[in-house]
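Before any comments, here is the structure.
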Amino acid sequence: MKLRATALGAVLALGIAGSAAAQDKPVHLKMGHWVPPAHPLQKAMEEWGASVQKASNGTITFQVYPAQQLGKAPDHYDMARDGIADVTYINPGYQPGRFPIIAAGELPFLMANATGGSVALDRWYRKYAANEMKDVKFCLAFVHDPGALHSKKKIETPDQIKGMKIRPAHATMASFVTLLGGTNVQASAPEAREVLERGVADAITFPWGSILLFKIDSVTKFHLDVPLYATTFAWVMNKAKYDGMSPAQKKVIDDHCSPEWAEKVATPWAAYEAGGRDKLRNATGHTVYKITDTQLAQWRKAAEPLANVWSENIKKANVGDPDAILKGLKDELKKANAAY
C-alpha cells in the first residue's frame, strides 16, 4: 500500500507539473537585427531562440528578422523599448552619449579577443545595465573580435589620419578620428560600402570577416593588422513582453540571459572575423601588413586621451566613479584572459 501511495503521489505531482506547464500562455518573440542573414549572428539568434523554445516546452516560439527588416540599425534599442520587436541586437555606439558606461568597452587597445572579452564585458556590465538601459530588459552583452583600419592607401602611423575621411565603428572611434585630425563619415554597417565606393570616405574601422561579408573588400585594399578596437553589442528585450510571461517562462529567459550565453554568441562570430584576416591576406590586390613596435607605441600614445574623454562623459552623466568603473572592466578582462 505504501509503495502504491508513493507511486500515486509521483503521478499526481507529474500531473500538477504538467498542468502548470500547460497553463503557460503561448508567447511569440520577434527577434530583430540589422546584419545580413549570412552573418554568424543570424545563426546565434536562431540557436538562442531554439534553446528557449525547447526549455519552455514549446510555449515560447520565435522568428528572426535580419537585415533591417523591422527597422534601421541605429533604431534597434528603441524598437525593443516600443515593442516593434521583442528582442533586438544593438550597437550602443550608434547613439553617441546615450550609453556612456558600456562605451568603456570601445576604448582602443583594451581587449585581446572576443570570446573572453564578451564574458568579461557581460559580467562587468550587468550591475550597470538596469540603470543605463532601463527602458528595456537587458539580456546579454558581447563584443566582436578586435577590428582594424581598412583603407584605400597604406596607413602606418596615426599622423597620416590628418585630413582623411573615415567611417568609424562607433562613437569612441569617431572621437579618435577627430583627435587625429580626420573627418568622420557616419554610416551604419549596411551603408558602409556605399560611402567608400562614392569617395565620401577614404577608410573604415571594421572587423575582418565582415569586410568580406559587406563587400567592403571591393573598395579597400590596405589592412592594418593591429587589434585596434572592439565594438560593444547587447541583446535587449521589450519589458512588457517579458513581464507578461509566466514565472516559468521568465526563468527560461533569465537562464538564457547570462555570461555563458554571451560567450556562446560571441565565439562563432570571433572565429568568423579572425578567418577574414587570412582570406584578405591571400586575396589578390590586398595588402595585410604589420607595423613596428615604435609605430604601435605611437598609436597607443595617440589613443590615451580617449580614456579621459570617456571619464569626463561618466562624470557629466553622474553615473558613478569612472576610475572604479573602468578598473572593474579591466579586472574582469584579466580574469577572462582577454586583456590586451
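The values are calculated or read from the model by the stated rules, or taken from the named source; none is laboratory data. Keep in mind that this is a model prediction, so the values were computed, not measured. Every residue, glycine as well, gets a Cβ built from its backbone with ideal geometry; the counts of neighbours run over all protein chains shown.
Data overview
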quantity: Any hit, the stretch 271-283, residues being polar (S, T, N, Q) and not assigned by TED's automatic domain parsing to the domain that holds residue 171; calculated: no
quantity: Test: residue in the stretch 287-308 that is of a type outside the set (Asp, Glu), farther than 30 Å from residue 220 by Cα and assigned to a helix (DSSP H, G or I); calculated: yes
quantity: Test set (1) outside any loop (DSSP other than H, G, I, E, B); (2) free of Cβ contacts under 8 Å to residues at least 40 places away in the same chain - residue 181 fails condition number; calculated: (1)
quantity: Residue in the stretch 50-84 that is farthest from the chain's Cα centre (by Cα), counting only those that are in a helix (DSSP H, G or I) and within 13 Å of residue 238 (Cβ to Cβ); calculated: 82
quantity: Yes/no for residue 10 being more than 27 Å from residue 230 (Cα to Cα), at pLDDT below 95 and hydrophobic (A, V, I, L, M, F, W, C); calculated: yes
quantity: Members of the stretch 217-239 found to be hydrophobic (A, V, I, L, M, F, W, C) and either surrounded by 24 or more Cβ atoms within 10 Å (Cβ to Cβ) or more than 15 Å from residue 193 (Cβ to Cβ) (or both), listed by number; calculated: 222, 224, 226, 228, 230, 233, 234, 235, 236, 237
quantity: Test: residue in the stretch 269-276 that is aromatic (Phe, Trp, Tyr), crowded, with 19+ Cβ neighbours inside 10 Å and part of a helix (DSSP H, G or I); calculated: yes
quantity: Matching residues, the stretch 283-316, being out of contact with any Asp or Glu (no Cβ under 9 Å at 6 or more places or on another chain) and hydrophobic (A, V, I, L, M, F, W, C); calculated: 296, 297, 299, 303, 307, 309
quantity: Flag for residue 68 being touching a strand residue (DSSP E or B) at 6+ places or on another chain (Cβ under 9 Å), loosely packed, with under 15 Cβ neighbours inside 10 Å and modelled with pLDDT of 95 or more; calculated: no
quantity: Subset of the stretch 78-100 (residues that are farther than 24 Å from residue 311 by Cα and touching a strand residue (DSSP E or B) at 6+ places or on another chain (Cβ under 7 Å)); calculated: 79, 80, 85, 86, 87, 88, 89
quantity: Matching residues, the stretch 188-234, being part of a helix (DSSP H, G or I), closer than 30 Å to residue 87 by Cβ and aliphatic (A, V, I, L, M); calculated: 189, 192, 195, 211, 212, 213, 216
quantity: Where residue 280 falls short, out of the listed (1) more than 22 Å from residue 215 (Cα to Cα); (2) surrounded by 14 or more Cβ atoms within 10 Å (Cβ to Cβ); calculated: (1)
quantity: Residue in the stretch 243-255 that is nearest to residue 32 (Cα to Cα), counting only those that are buried (at least 20 other Cβ atoms within 10 Å of the Cβ) and not polar (S, T, N, Q); calculated: 253
quantity: Test: residue in the stretch 294-314 that is surrounded by 15 or more Cβ atoms within 10 Å (Cβ to Cβ) and within 19 Å of the chain's Cα centre (by Cα); calculated: yes
quantity: Pairs, first without any contact (Cβ under 8 Å) to a residue 60 or more places away in the chain and closer than 23 Å to residue 37 by Cβ in the stretch 186-203, second among the β-branched types (Val, Ile, Thr) and in a helix (DSSP H, G or I), C-beta under 8 Å, six or more apart; calculated: 187/195; 192/216; 193/216; 196/216
